[in-house]
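Following: one structure in structure tokens, then a few remarks.
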Amino acid sequence: MSAMNATRINRRDFLQGVCAGLATASLLDPPLAWPQSAPDFKLDIAPLALEIAPGKIIHTFGYNGSAPGPLIRWPEGKPVRIQVANHTDIPEIVHWHGMFTPSNMDGAMEEGSPMIAPGEVFTYAFAPRPAGFRWYHTHTFAGHNLKRGQYGAQFGCFYVEPRNNPGAYDQELFLTLHDWNAYMGGGGDSTMDALYDHATVDGRMLGHGDPIRVLKGQRVLVHLLNASATVTHWIALSGHQLQVVAMDGNPVPRPAKVSAVRLAPAERIDCLIEMDRPGIWIMGETRKEIRAMGMGVIFEYANQIGKPQWMEPQPVSWDYTRFADPDPASRPPDLRIPLLFESKFKGHGDFDYWMINGKSYPHTPTIPLQKGRRYRLVMTNKSTDDHPVHLHRHTFEVTSLDGKPLSGLKKDVVVVNGKTTVEVDFTADNPGPTLFHCHQQSHMDYGFMTLFDYGA
Amino acid sequence: MLVLLALSAAPSRAQNNYEIQVYGADTVAPQSTMVELHSNFTLDGSRPLPGSPLATDGVYPTEHVEHETIEITTGINDWSELGFYIFTAEKSGQGVQWVGDHIRPRVRAPDQWHWPVGASLSMEFGYQRRIFSTDTWTLELRPIIDKQIGRWYLATNLAVDRSFHGLSVPQGVTFAPAGKVGYDFSKAVSAGLEYYGDYGELVDPDNLHNQQQQLFVVTDLNVSPAWEINFGVGVGPTAGTDHLIFKGILGRHFDWSHHRPGMSDSIQ
């Protein structure tokens, strides 16, 4: 391939180029560590006509005919087999987000996981860990087709059951946020972005799903997932405080009560809510424009009547440090890896392209690591966009937010705000190719990716 | 977004050299206001008749006259806006003179319609003093279509005008098309060409000699979402056109929604 041609490759070209061989090879050679038994779960990827409100149909692709896909609960460390059948017209793949999977089972083509050809079936086999709130979603290229990839309905919650669950709650909920009918908009002074017609909680617009019925005095544990392809959301429950107890499935060092929580794409927050204000309340986006698009769900106390009420929460400025230890990380890293994020302008009528250290994927060089060493990613965002960056197959500890030290906050997605520097530490303890990328679909599609790699 | 440059109408028309702008299809966002200052200087334009301070048709000449127009546009909702204009003229020794005012509501195809192009319809109605214009009360309907394709920007304004008081009344509806082709050289700098015509009567156009035909080379500077800066130079080869004009627009966007970036009430 000539140098000129090489510079034109994007993620889609790269994937198409290597897809067939890897997919075929992997399908013919499933991992041998697991016996060939019946699957524990089955996922069917297929076209879906999703009715988010009466008469409002979203034509998309989903798992098992619903959005979100089925909730998977599975004990930590117990081997699981999940059979995935692709009934669509393009190769698909399922990523097990936040889990310490082997590279070939993680569900990212770039790491060597197989694509599932149209009409084919593949069985993922791994031992889910660590315990906590994880999720699964497609990891395909969408580009300018804003109906594919994470713009669609291919997402679901995966709860890895801890060995000991004190269960200090009366009711447990999994709520997923998503935006629908994306289109290219914006332009003008800025570049194009994905805009949306509708937004939902658990696939239903506000007022059109079943209410969540609660009792006064209950403690409700809510697992919130932002499964939006590109939009950061703020969620509040009218008249109630949300006690954040875990982020990205990992307990936070300092649980704290807030009036609203912020979730960037792919982030999860577990919060405990005391049901101490009887009424019929809206849990929804704090911004009325997005509530009007449908993002909300109703909490209904027993024996209460009337219309659902929205009560403005106190404005919240989101700060991870509130939930972390204020001290610097106790263990210094063995090596620092600087990562510089920059955009590449492609016109006011197109998405930006993205670069890590001056290169766009697949031209970003693979960064070699050594097993057992602790690395610090020093991520400097020169752009004005915020980036929810995700490290596959590992959990990292957030150690600095624009020069402010913190520790104890374990995550797999962290937002690097525009014009700031964020540092995270992780230990190379799960060998194999490991993908690192911005979780905004349009950013990862257009270059915001790189690979780490290390052997056993 | 940057409001795009333009000029309307033939030399005898109301907005002659006051607001030189090709409209883009977008409207100002709700809870926000755009304030723009249009500054246009005619280096080579109409001159006074011998022995008179006035030019043909009894209006002030345009040569060496500075036109300053204040345009205030506020967003009504996410598909409409309302604009208001104050036109002034300045010439050495004559001071600043009020020329007239216009009001301009505009609607556009909402984003939710998912049209492949931007589309809006502007209606502009107003008054200008007889000493500056052959027509005092005028109405303009301006359909606008635009499209951004990567680095390229295309816009067309197919305006039709009607005078209700003045010399152009017998002409009925007149046709004044305008268009723009722009290219983004970088995120901050765009440049392009703008065309402005006034063909006269819609059903019986003037001959080319009397039509207005102007071509501007323009640049837009996108230095901040809060500001718009553009300027250009235009030539008019026909007899019915001012021959050399310099123009500039300085705009400031005010957001009244009080959204704060990074806060739960922000739309960022």
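The values are calculated or read from the model by the stated rules, or taken from the named source; none is laboratory data. The model shown is predicted, which means the values in this text are computed figures rather than measured ones. Positions of Cβ are backbone-derived with ideal geometry, glycine not excepted, and every protein chain shown enters the neighbour counts.
Worth pointing out:
- Of residues in segment A:313-335 being free of Cβ contacts under 8 Å to residues at least 60 places away in the same chain and more than 22 Å from the chain's Cα centre (by Cα), the one farthest from the other protein chains (Cβ to nearest Cβ): A:Asp334
- Residue count for segment B:229-259 under the criterion of being within 14 Å of chain A (Cβ to nearest Cβ), without any contact (Cβ under 8 Å) to a residue 24 or more places away in the chain and surrounded by 13 or more Cβ atoms within 10 Å (Cβ to Cβ): the result is 2.
- The set of residues in segment A:284-309 being assigned to a helix (DSSP H, G or I) and either touching a residue at least 24 places away in the same chain (Cβ under 8 Å) or hydroxyl-bearing (Ser, Thr, Tyr) (or both) consists of A:Ile290, A:Arg291, A:Met293.
- Against the test of being within 30 Å of A:Gln304 (Cα to Cα) and surrounded by 22 or more Cβ atoms within 10 Å (Cβ to Cβ), the options A:Leu221, A:Leu177, A:Leu173, A:Leu215 yield a single qualifying residue, A:Leu177.
- Yes/no for A:Val261 being away from every other protein chain (no Cβ under 14 Å) and on the phi < 0 side of the Ramachandran plot: no
- One residue from A:Asp270, A:Asp334, A:Asp319, A:Asp325 being in contact with a Gly (Cβ under 8 Å, 6 or more places away or on another chain) and surrounded by fewer than 22 Cβ atoms within 10 Å (Cβ to Cβ): A:Asp325
- Filter result (facing another protein chain (nearest Cβ under 7 Å) and either outside any loop (DSSP other than H, G, I, E, B) or within 14 Å of A:Val424 (Cβ to Cβ) (or both)) within segment A:336-351: A:Gly349
- Number of the exception - B:Ser190 against (1) in contact with an Asp or Glu (Cβ under 6 Å, 6 or more places away or on another chain); (2) loosely packed, with under 14 Cβ neighbours inside 10 Å; (3) of a type outside the set (Phe, Trp, Tyr): (2)
- All positions within segment A:296-310 that are surrounded by fewer than 17 Cβ atoms within 10 Å (Cβ to Cβ) and either among the small types (Gly, Ala, Ser) or within 13 Å of another protein chain (Cβ to nearest Cβ) (or both): A:Ala302, A:Gly306
- The strands (runs of 3 or more DSSP E) found entirely in segment A:379-456 that carry 2 or more residues being surrounded by fewer than 19 Cβ atoms within 10 Å (Cβ to Cβ) and not polar (S, T, N, Q) are A:404-411.
- Test result for B:Ala226, hydrophobic (A, V, I, L, M, F, W, C), within 14 Å of chain A (Cβ to nearest Cβ) and more than 15 Å from the chain's Cα centre (by Cα): yes
- Counting only strands (runs of 3 or more DSSP E) wholly contained in segment B:207-268, no element carries 3 or more residues that are at pLDDT below 90, small (Gly, Ala, Ser) and closer than 30 Å to A:Ser259 by Cβ.
- Test result for B:His38, at pLDDT 90 or above, on the phi > 0 side of the Ramachandran plot and away from chain A (no Cβ under 14 Å): no
- Residue count, segment A:193-221 (criterion: more than 14 Å from chain B (Cβ to nearest Cβ), without any contact (Cβ under 8 Å) to a residue 60 or more places away in the chain and within 29 Å of A:His139 (Cα to Cα)): 1
- Flag if A:Val252 is more than 14 Å from chain B (Cβ to nearest Cβ) and within 21 Å of the chain's Cα centre (by Cα): yes
- Residues located in segment B:66-106, provided they are of a type in the set (S, T, N, Q) and either touching a Cys at 6+ places or on another chain (Cβ under 9 Å) or assigned to a strand (DSSP E or B) (or both): B:Thr69, B:Thr73, B:Thr74, B:Asn77, B:Ser80, B:Thr88, B:Gln97
- Candidates B:Ala155, B:Ala159: the one that is more than 14 Å from chain A (Cβ to nearest Cβ), closer than 19 Å to B:Ala178 by Cβ and at pLDDT 95 or above is B:Ala159.
- Looking only at residues of segment B:163-176 that are surrounded by 16 or more Cβ atoms within 10 Å (Cβ to Cβ) and over 14 Å from B:Gln128 (Cα atoms), we find that the one that is nearest to the other protein chains (Cβ to nearest Cβ) is B:Ala176.
- Members of segment A:352-375 found to be assigned to a loop (DSSP other than H, G, I, E, B), under 29 Å from B:Asn222 (Cβ atoms), more than 12 Å from chain B (Cβ to nearest Cβ) and not polar (S, T, N, Q), listed by number: A:Gly358, A:Tyr361, A:His363
- Listed by position, the strands (runs of 3 or more DSSP E) contained in segment A:47-130 that have at least 2 residues being touching a Gly at 6+ places or on another chain (Cβ under 6 Å) and buried (at least 20 other Cβ atoms within 10 Å of the Cβ) are A:56-63, A:94-97.
- Summed over segment B:86-118, the residues that are of a type outside the set (Val, Ile, Thr) and without any contact (Cβ under 8 Å) to a residue 40 or more places away in the chain give a count of 18.
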